[in-house]
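A short worksheet on the structure shown next.
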Amino acid sequence: MSSMVVAVDLKKFFGDFQALDNVSFEIEHGEVLCIIGPSGSGKSTLLRCINQLERIDSGAIWIDDELIGFRQDGDKLYQLNDAEIARQRLSSGMVFQRFNLFAHMTVLENIIEGPVIVQKRAKTAVIPEAMALLEKVGLTDKKDSYPSELSGGQQQRIAIARALAMKPKLMLFDEPTSALDPELVSDVLSVMRDLAKSGMTMVVVTHELGFAREVANRVVFMDRGKIVESGTPQEILSSPKEKRTQDFIAAVLA
């Protein structure tokens, strides 16, 4: 079985700053990959490139055997147009640090918006699915509430449900708990834990090392746009080989 994500020699520049420096990795179907590292190490940029919110400068990414961002014709690559990129982007759901919910819509309206408007699916089919997702994230009683009436943790759980409503093959999480008060973190991590158990392929940028230790199949440590070290949670979090990894983990746990 081929990998869900294959990335080869990714480079990304912002002006003179190199955010990604020859990054290559594979993620298997059903695998949970946690990416850790200091601020500015390229973690979020990597997720944004997978989801085509940023365009890579060189290299290639495949999601479920489909080359993303480009069409290959013989030996030549042609950039896809915005509509083609939008279609490809549907294969991955992304949850950000900030919840990005539509403030003028209820919780239920937020969840059904994508399937109805983008995927052109019937509301009658989508609403029961949305209610099932609300049950999954423990918030069925909030279906008629507006985002401003919810805690940050509740909003983040709704954001996860909204991403899942599009039935993605892959879920990307960009530090989904970093903007939350500490007491709200556990509910969000619990939803993500259940999602991992269900077999969803997940890439999680996180500073929650306990979550990475418990849920990840593999942990990647990034610094200065490079993958410094990759291995099992035990290898990376308990006995890292590289000094940069050792120093980072010691600082986080201090």
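Structure above, values below:
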item	result
Equivalent ellipsoid, segment 135-204 (semi-axes from 5 times Cα gyration tensor eigenvalues, Å)	19, 15, 11
At least 20 Å along the helix axis (C-alpha) and Kyte average at least -1.0, DSSP helices within the chain	182-197
Difference of contour (0.36 nm per residue) and Cα-Cα distance, Glu149 to Asn81	20.6 nm
Value at 222 nm in deg cm²/dmol, rounded to 500, when DSSP H runs of n ≥ 4 in the chain each add -39,500 (n - 2.57)	-10000 deg cm²/dmol
Point-charge dipole on Cβ atoms (K/R +1, D/E -1) for the chain, about Cα centre, debye to 20	280 debye
Dipole magnitude (debye, nearest 20) for segment 52-111, charges at Cβ of Lys, Arg, Asp, Glu	220 debye
Cα lying deepest toward the dipole's positive end in segment 111-254, options Gln234, Leu195, Gly114, charges on Cβ	Gly114
Magnitude of the charge dipole, segment 66-143, Cβ model with Lys/Arg +1 and Asp/Glu -1, debye to 20	160 debye
Segment Asp57-Leu90, length gained on full extension (0.36 nm per residue, minus Cα span)	9.7 nm
Computed over segment 91-221, the ratio Rg/Rh where both radii use C-alpha atoms and Rh is Kirkwood	0.95
Among Pro182, Gly59, Ile127 - extreme Cα towards positive end, dipole of the chain, charges at beta-carbon	Ile127
For segment 37-111, average projected area of the Cα convex hull in nm²	7.1 nm²
Overall Cα dimensions of segment 84-132, principal axis frame, Å, largest first	28, 25, 19
Distance between segment 103-148 and segment 153-177 - C-alpha centres, whole angstrom	13 Å
Cα-projected label distance for Phe13 with Ala250, points at 7 Å along beta-carbon direction, nm	3.6 nm
Cα point-scatterer Debye curve for the chain, base-10 log of I(q)/I(0) at q = 0.13, 0.16 Å⁻¹	-0.85, -1.24
Computed over segment 1-140, Cα set: Rg, Dmax in Å	17.5, 51
All-pairs alpha carbon distance profile, segment 1-49, 10 Å steps from 0, percent	23, 52, 22, 4
Val228 long-range amide H proximity, modeled H, under 5 Å	Phe221, Met222, Asp223
Residues of segment 138-154 with amide N under 19 Å of the 7 Å Cα→Cβ point at Phe102	142-150
Residue-normalised accessible area of segment 86-206, expressed per residue, 1.4 Å probe, Å²	44 Å²
Flagged links, alpha-carbon separation over 29 Å, of Lys43/Lys123; Lys143/Lys167; Lys120/Lys226	Lys43/Lys123; Lys120/Lys226
Convex hull of Cα atoms in segment 97-159, direction-averaged projection (nm²)	4.1 nm²
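The values are calculated or read from the model by the stated rules, or taken from the named source; none is laboratory data. As the structure is a computational prediction, the values presented were derived from the model and not from experiment. FYI the Cβ positions are ideal-geometry reconstructions off the backbone, even for glycines, and counts take in every protein chain you see. Areas reflect the complete protein model, heavy atoms only, side chains present, ligands, DNA and RNA absent. Shrake-Rupley method; radii C 1.70, N 1.55, O 1.52, S 1.80 Å.
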